[in-house]
Amino acid sequence: MKHKIAPSLLAGDFLHLQREIEMINESEADWLHLDVMDGVFVPNISFGFPVLDAVKTVCKKPMDVHLMIVEPQKFIPEVAEAGAYMMNVHYEACTHLHRTVTAIKEAGMKAGVTLNPATPVSLLEDIIQDVDMVLLMSVNPGFGGQHFIEHSVDKTRRLKEMILRKGLNTLIEVDGGINLETGKQMVEAGADILVAGAFVFGSPDPAQTIRELKEL
Ligand code: DX5
Ligand code: ZN
């Protein structure tokens, strides 16, 4: 399967979200990645459900919602109502992860489990069969434009091995510091979806940058 690209709106122009989303709609992007932060799970606050509700009215691509919040299970109805295709919760934020993953799917969404850089993939051994996607953070979550953590390449490779060993078709998404160079390394290591924020929105021609990421 050819890898997918999910631009992160976090790096977009918040004064002109409609314009940014229309650019995404017309581009070769596969999904739109949306980063919700609460200032508790991560040391930053981004945007919440009223913004997602507004994005839904314009966005024609599947919405990939990444919740960097404590107790994400409390907000499953809100995320579903906001039109999310994929709901990503952090492993580190969920005490009853199996219950949360089950509830996400019952709400009609795909379930993604996210790992911080220091959380080992081996902790997924007894949940991976139930999740649609694993989102590997290749930076510490909370901010766009950070430097890619090299160890993420090896981590992606080991996650891919686990998925193949179990005969699953779980997707692997990677998020943080992705550009043409790190993106290529991650695709070769087994990533199915590349999230890219600063690299896309900080470039002179974001639609062309998305095309270049797709061609890796
Ligand atoms: C970081 C977010 C990312 C972020 C990636 O906490 O989860 O999705 O937008 O941004 P870049 O691609 O700029 O590292
Ligand atoms: Zn993200």
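The values are calculated or read from the model by the stated rules, or taken from the named source; none is laboratory data. All figures in this text were calculated on a predicted structure; none of them were measured in a lab. Neighbour counts run over all protein chains shown; Cβ positions are idealised from the backbone, glycine included. We work out accessible area using only protein heavy atoms, side chains counted, and drop any ligands, DNA or RNA first. Shrake-Rupley method; radii C 1.70, N 1.55, O 1.52, S 1.80 Å.
Ignoring any ligand, DNA or RNA, what whole percent of the accessible area of the chain comes from carbon and sulfur when the probe is 1.4 angstrom?
52 percent
Roughly how many nanometres apart are two label points built 7 Å out from the Cα toward the Cβ at L164 and K184?
2.1 nm
Tell me, what HN-Hα J-couplings in whole Hz come from the Karplus equation 6.51 cos²θ - 1.76 cosθ + 1.60 at θ = phi - 60° for each residue of region 40-49, using x for Gly and Pro?
Going residue by residue, I get 10, 5, 10, x, 6, 10, 10, 8, x, 5 Hz, with x marking Gly and Pro.
How much accessible area per residue does the chain have, counting only protein heavy atoms and a probe of 1.4 Å, in square angstrom?
With the other protein chains kept in place, the chain gives 45 Å² per residue.
Name the trypsin sites (Lys or Arg not before Pro) in region 1-59 that are in a loop by DSSP and that have at most 14 other C-beta atoms within 10 Å, would you?
K2
Around K4, which amide H atoms from residues at least 5 apart in sequence, or from another chain, sit under 5 Å from its own amide H, with H modelled in the peptide plane?
Distant-sequence amide H within range of K4: I193, L194.
Leaving out same-chain residues fewer than 8 places away, which lysines sit with a Cα under 28 Å from that of K2?
Of all the lysines, those that pass the test against K2 - Cα under 28 Å, at least 8 places apart if same chain - are K56, K60, K61, K105, K110, K155, K160, K166, K184, K214.
Which ³J(HN,Hα) values in Hz, rounded to whole numbers, follow from the phi angles of region 171-177 under the Karplus curve 6.51 cos²θ - 1.76 cosθ + 1.60, where θ = phi - 60° and Gly and Pro get x?
Once rounded to whole Hz, the list reads 7, 10, 10, 10, 9, x, x.
Can you tell me what the convex hull of the Cα atoms of region 43-83 projects to on average, as an area in nm²?
3.1 nm²
For region 85-93, in order, what is each residue's ³J(HN,Hα) by Karplus, 6.51 cos²θ - 1.76 cosθ + 1.60 with θ = phi - 60°, in whole Hz (x at glycine and Pro)?
Whole-Hz 3J(HN,Hα) from phi for region 85-93: 7, 10, 10, 9, 10, 7, 3, 6, 9.
If amide H atoms are built 1.01 Å from N in the plane of the peptide, which residues on other chains or at least 5 residues away come under 5 Å of the amide H of I178?
Residues meeting the amide H criterion: G197.
Taking only the Cα atoms of the chain, how large is their convex hull per residue, in Å³?
With only Cα atoms used, the chain gives 108 Å³ per residue.
Mind putting a number on the dipole of region 60-101 about its Cα centre? Charges go on the C-beta only, +1 for Lys and Arg and -1 for Asp and Glu, and I need it in Debye to the nearest 20.
Here the size comes out at about 140 debye.
Suppose the chain between D205 and H147 were pulled fully straight at 0.36 nm per residue; how much longer would it get relative to their current alpha carbon spacing? Spell out each step's value before the answer.
Details: separation 58, 0.36 × 58 = 20.88 nm, distance 2.15 nm.
Taking D205 through H147 to full extension adds about 18.7 nm, to one decimal.
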